[in-house]
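Visitor: My questions all concern the structure below.
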Amino acid sequence: MSPSALPPFPADLPIRDLLVVDFKLLKAGDKAQANALWQAATTWGFWYLKNYEAEDCVEAMFKMGRETLVLPFEEKMKYWQGNKGASFGYKVAGATYADIDGSTDVAEFINVSKDDAIAYPTIVHKAYPTTVNVHMEEAIRPFIRSCLETNRVLMNVFNQKLELPAGTLSELHCPEKECISEARCIKVPPASNDIKIALGAHTDFGSISFLVNRLGGLQVLVSNPKSGIGEWTYIKPIEGYAICNIGDTLSILSGGILKSCVHRVVPPPGDQAKHERWSLVYFARPTNDVYLQALSDKSLLIAEAVEKADKSLYTPGMTAAQWFAMRQTQHRTDSDKGIDTILALGPKMVGAQV
């Protein structure tokens, strides 16, 4: 369904106003845009990005997702991501806990590795369904390459603002090295009375996330200045804009200067709840061999920030690949199940939408 045919986001809901960064101007070196990006990344960690280069690939990426996630459950499970820390491939709805009450998520998605897309038809990490492969060269690879370029520009701004030696962050996210960066197409079914949370509260594992969604449901946790209590506030989707946010690894590398904000996905509000919610994300992550720790030895600004904070937060003591595997296995509902067990239970038992 085209964006214009979807119900509008309700006008009476509280929303988090985000700064808008014009990527075209940012790439051209506009200082005002760089300052706006810095302000957004060091406060809420979320911002809108307009005139982003991957926009031309969005519809084709959604087409790939629709064709893939409509496949029979048994066919999708041939490309299962597993439950031991891997991510590429098919993720079953209901595979993670959504809240402390034991509710499970209702989102299913297909993840395509950056490395596999760039190397296609060579397989680096994972094989994918035909519905993915037929879109690899004209949609997935261009989408990922555009996101890589966007990430490079943003990283250069952060590198300068953090007073790091030239190229430091870009080298830690080198496109030519293996990493767990990936494109993800997500399907959430129309809301029902028993669905309160589509995807539970979390921070993103990687460095920067690029999100395109047409329906509401994304919420960020914001502290009320009067009570100090966290409150969930919607981020309104805007046609033609991507929503970007800082993830944990970039927050660690920056000594907490760049903020990784807690967020979640709930059913779309108002009349939007009657429709499937489709989202497209690119997760930019450090190369697998990057040892995660604040770059205090390379930046006085970062060193001063770490000195004022709990130093243990910025020294996880592991590589980016190890960090991701650890985070990926948290909150799983299926960690004790093998693929045969999941297939025997069937999609309705594990929460997958068919």
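The values are calculated or read from the model by the stated rules, or taken from the named source; none is laboratory data. Quick caveat, the model's predicted, so the values are computed rather than measured. Using ideal geometry, Cβ is built from the backbone for each residue, glycine included, and neighbour counts are taken over all protein chains shown. Surface accessibility is based on the protein's heavy atoms, side chains included, excluding ligands, DNA and RNA. Shrake-Rupley method; radii C 1.70, N 1.55, O 1.52, S 1.80 Å.
Visitor: Applying the selection to region 172-213, what residues are in a strand (DSSP E or B) and among the basic types (Lys, Arg)?
Guide: The answer is Arg184, Lys187.
Visitor: What number goes with the only condition from (1) aliphatic (A, V, I, L, M); (2) surrounded by 15 or more Cβ atoms within 10 Å (Cβ to Cβ); (3) part of a helix (DSSP H, G or I) that Ala344 does not pass?
Guide: Of the numbered conditions (1) aliphatic (A, V, I, L, M); (2) surrounded by 15 or more Cβ atoms within 10 Å (Cβ to Cβ); (3) part of a helix (DSSP H, G or I), the odd one out for Ala344 is (2).
Visitor: Would a scan of region 158-171 turn up a residue that is buried (at least 21 other Cβ atoms within 10 Å of the Cβ), among the hydrophobic types (A, V, I, L, M, F, W, C), under 30 Å from Lys274 (Cβ atoms) and touching a residue at least 40 places away in the same chain (Cβ under 8 Å)?
Guide: There is no residue in region 158-171 that is buried (at least 21 other Cβ atoms within 10 Å of the Cβ), among the hydrophobic types (A, V, I, L, M, F, W, C), under 30 Å from Lys274 (Cβ atoms) and touching a residue at least 40 places away in the same chain (Cβ under 8 Å).
Visitor: Then there is this: Is it true that Thr333 is β-branched (Val, Ile, Thr), open to solvent by 60 Å² or more (accessible area, probe 1.4 Å) and more than 19 Å from the chain's Cα centre (by Cα)?
Guide: Taking the combined requirement at face value, the residue does not satisfy it.
Visitor: Restricting to region 51-76, what's the tally of residues that are in contact with a helix residue (DSSP H, G or I) (Cβ under 7 Å, 6 or more places away or on another chain) and outside any helix (DSSP H, G or I)?
Guide: 3
Visitor: Turning to a different aspect of this structure: Filter region 153-173 for residues that are of a type outside the set (A, V, I, L, M) and more than 15 Å from Leu250 (Cβ to Cβ) and give the result.
Guide: Of all residues in region 153-173, those of a type outside the set (A, V, I, L, M) come to 156, 158-161, 163, 165, 167-168, 170-171, 173.
Scanning region 153-173 gives Glu163, Pro165, Gly167.
Visitor: Across region 15-29, what is the number of residues that are surrounded by 16 or more Cβ atoms within 10 Å (Cβ to Cβ) and farther than 17 Å from Phe210 by Cβ?
Guide: 2
Visitor: Follow-up. Being under 19 Å from Pro237 (Cα atoms) and either modelled with pLDDT under 95 or over 21 Å from the mean Cα position of the chain (by Cα) (or both) is true for just one of Leu18, Leu6, Leu71, Leu37. Which residue is that?
Guide: Result: Leu6 is the single residue among Leu18, Leu6, Leu71, Leu37 that is under 19 Å from Pro237 (Cα atoms) and either modelled with pLDDT under 95 or over 21 Å from the mean Cα position of the chain (by Cα) (or both).
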